[in-house]
1. Give the share of C-alpha pairs in each 10 angstrom bin for the range 5-55, from 0 to the last occupied bin, in whole percents, shortest bins first.
2. Tabulate in residue order the Karplus-calculated ³J(HN,Hα) for the range 55-62, using 6.51 cos²θ - 1.76 cosθ + 1.60 with θ = phi - 60°, rounded to whole Hz; enter x for Gly and Pro.
3. Tabulate in residue order the Karplus-calculated ³J(HN,Hα) for the range 42-48, using 6.51 cos²θ - 1.76 cosθ + 1.60 with θ = phi - 60°, rounded to whole Hz; enter x for Gly and Pro.
4. Spelling out what I want: for every residue of the range 28-35, take phi, set θ = phi - 60°, compute 6.51 cos²θ - 1.76 cosθ + 1.60 (Karplus), and round to whole Hz; glycine and proline get x.
5. If DNA, RNA and ligands are ignored and the probe is 1.4 Å, what is the ranking of T58, T92 by accessible area, most exposed first?
6. For the charge dipole of the chain, defined by +1 on Lys and Arg C-beta atoms and -1 on Asp and Glu C-beta atoms about the Cα centroid, which residue among I10, G24, A120 has the Cα displaced farthest towards the positive pole?
7. Per DSSP helix of 4 or more residues, -39500 (n - 2.57); summed, then divided by the residues of the chain. What does that give at 222 nm, rounded to the nearest 500?
8. Hey, if we sort W114, W44 by accessible area with the 1.4 Å probe, largest down, what's the order?
Amino acid sequence: MKYGWLADLIVCVHAMFVAFVAFGGLLVWKSSRVAWAHLPALAWGVGLEWVGAICPLTPLEVALRRRGGEAGYQGGFVDHYVVPWLYPVGLTREQQVGLGSFALFLNVVVYGLWLYGWLARRRGSSRP
């Protein structure tokens, strides 16, 4: 029972990390300090997608499920809604590279717009 719960927790953390990788650049608009956590996470996430590696959280989740006597993803909110989002059926290698590229592109645009605004504000505040 506790292993299944821990596996569900890992899936939720995994989903939040994926969302942070994809959309964390938007948080930089609220606090530029977020970039110190987001940029390494973005590099990690995009790198995993591009090389086709498996996130270390995935084997941990599977091991916890097996330890808890579960065979797979069955039942519950996490299994029904979060797992298909993280592990879509039929995900191809090309789609995986595309997802990584999209996350990188989206964040390059977000950071570019943020940097443009930051520079504009700096120039405006330095005028007498």
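1. Here the calculated profile for the range 5-55 is 25, 46, 25, 3.
2. Karplus values, whole Hz, x for Gly and Pro: 4, x, 5, 5, x, 4, 4, 4.
3. 4, 4, 5, x, 5, x, 4
4. 5, 5, 7, 8, 5, 5, 4, 4
5. Details: T58 25, T92 55 Å².
Correct descending sequence by accessible area is T92, T58.
6. Checking the options against the dipole of the chain, the answer is A120.
7. Details: 5 runs with 87 residues, N = 128.
Mean residue ellipticity, 222 nm, calculated: -23000 deg cm²/dmol.
8. W44, W114
The values are calculated or read from the model by the stated rules, or taken from the named source; none is laboratory data. On a predicted model such as this, the values are computed, not experimentally measured, just so you know. Because the Cβ atoms are built from the backbone with ideal geometry, glycine has one as well, and the counts that use them run over all protein chains shown. Side chains are part of the model used for accessible areas, which takes the heavy atoms of the whole protein and leaves out ligands, DNA and RNA. Shrake-Rupley method; radii C 1.70, N 1.55, O 1.52, S 1.80 Å.
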